[in-house]
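Following: one structure in structure tokens, then a few remarks.
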Amino acid sequence: MWRKLKNFFLSLRTYSDMSPDVGLRRRINQTLRSRSSRSFEEWYHSFWKRLDVSKDVAAFVYDQMEEYSGLQFSRVLPSDRLSTDLHLSMVCWFDWECTLCDDFCDRFSVDIHGCFDPYALSTIKDLVVFLNQQVIPVNYSQP
């Protein structure tokens, strides 16, 4: 009986270690509220169109990252740092990277499980450009 009780309390502790920090999420969203909110079309045209980012990739990031993080992505800028500004590892579920890879594969039929390392990316711009590069077909031009 003690073992079951101990396991129950350990599972509660593990759950809290793996779940998002909602207080931090709330504080980040409070900071983001000082910025203008952009519809997806505005967000895309303001930041990604001139970089030749696929509209589908930008929409994926805009929608999915808000779902994973709970942050208002309509207010996120390309220069926002994934760890320092947005604290993604703290405000997302522990497995958000795997979920992103699965969702990306479902949406674009491109498996990025082996090459996606969010810790190697610094900013939202880095993330969007990386994902965009994964869907761009390789151009093998003939000489």
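Read the figures in this text as sums done on the coordinates, not as results from a lab. Everything numeric in this text was worked out from a predicted model, so none of it was measured. Every residue, glycine among them, receives a Cβ derived from its backbone with ideal geometry; neighbour counts consider all protein chains shown.
Before moving on, here are some points about what is shown:
- Here the extension length gained between SER46 and SER79 equals 10.6 nm, from 0.36 nm per residue of separation less the Cα-Cα distance.
- The alpha carbon convex hull volume per residue for region 26-143 rounds to 114 Å³.
- Using a simple spin-label model with pseudo-atoms 7 Å out from Cα toward Cβ, MET90 and SER36 lie 2.9 nm apart.
- Relative to one another, the C-alpha centroids of region 31-86 and region 106-126 are positioned 15 Å apart.
- Tail fraction, Cα-Cα pairs, region 62-110, threshold 15 Å, whole percent: 46 percent
- Electrostatic bookkeeping for MET90 treats Lys and Arg as +1 and Asp and Glu as -1; over the other residues with beta carbon under 9 Å from its beta carbon, the sum is 0.
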